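Participant: Please see the structure below; I have some questions.
The values are calculated or read from the model by the stated rules, or taken from the named source; none is laboratory data. What you see is a predicted model, and the numbers here were worked out from it, not measured in a lab. Methodologically, a virtual Cβ is constructed for each residue, glycine included, from the backbone with ideal geometry; neighbour enumeration extends over all protein chains shown.
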Amino acid sequence: MNIKEKALEFCKNAHKNQTRKDGNTPYYTHPIRVAEKVMNYSNSTDEMVCAAYLHDVLEDCKHISKEDIQKEFGDLITYYIYKLTNISKLLGIYPRKARKEYDRNRLSDAPKEVKIIKMFDRIDNLSDMNCFEKGFVRLYIEESELLLEKIGNADENIAKELKDIILKEKSKL
């Protein structure tokens, strides 16, 4: 089993009892879609793909620690995952606006690879907003615009794709 296959299996096991917000779709379908986007990116690396599969594990799977990931996947993948994790959630920072600002600022100095994964993550989430109330969709779009300002410099083509989906979702409101 290569490292990408190992990360896929780890992802499926870590998220196995979780669903997307619709309550039906297995949660792991989201990181799998993000990893597929990363795999199709011309400058992707195995480490980026693994981090894409595992980008929500620390944040959403309380039974998985940073040390668990470190042991299984090494320093670089763990670092990418840690940078992708919304640490504000784990720190208990509230309200949401303060949390999101904290996490955006953390990502602003992240490596290009992390920013690219995060943009693909947002693209996927924005493509899957059908079960949310308009108020939350509006908020998520606003947060995505602010995030794009911080991480869009990593790749202009992906930034354009993210901006386009933001505008598309805005037009539906």
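Participant: Scan the range 63-78 residue by residue and report those that are buried (at least 20 other Cβ atoms within 10 Å of the Cβ) and free of Cβ contacts under 8 Å to residues at least 60 places away in the same chain.
Facilitator: Selection gives I69, T78.
Participant: Please verify whether E5 is acidic (D, E) and either surrounded by 18 or more Cβ atoms within 10 Å (Cβ to Cβ) or under 23 Å from L147 (Cα atoms) (or both), treating the condition exactly as stated.
Facilitator: Answer is no for this residue.
Participant: Let me ask another. Within the range 65-123, work out how many residues are of a type in the set (D, E, K, R) and not in a helix (DSSP H, G or I).
Facilitator: Adding up the residues that qualify gives 1.
Participant: Give the range 29-42 a look and list any residue that's assigned to a loop (DSSP other than H, G, I, E, B) and surrounded by 14 or more Cβ atoms within 10 Å (Cβ to Cβ), or say none.
Facilitator: Scanning the range 29-42 gives a single hit, Y41.
Participant: Sort out which residues of the range 86-100 are closer than 17 Å to L146 by Cα and either more than 16 Å from the chain's Cα centre (by Cα) or small (G, A, S) (or both), and write them in order of number.
Facilitator: S88, P95, R96, K97, A98
Participant: Next question. Being surrounded by fewer than 15 Cβ atoms within 10 Å (Cβ to Cβ) and not in a loop (DSSP other than H, G, I, E, B) is the filter here; which residues of the range 9-28 pass it?
Facilitator: Listed by number, the residues that qualify are E9, N13, T19, P26.
Participant: Looking only at the range 72-84, decide whether some residue is among the basic types (K, R), within 18 Å of N2 (Cβ to Cβ) and modelled with pLDDT of 95 or more.
Facilitator: no
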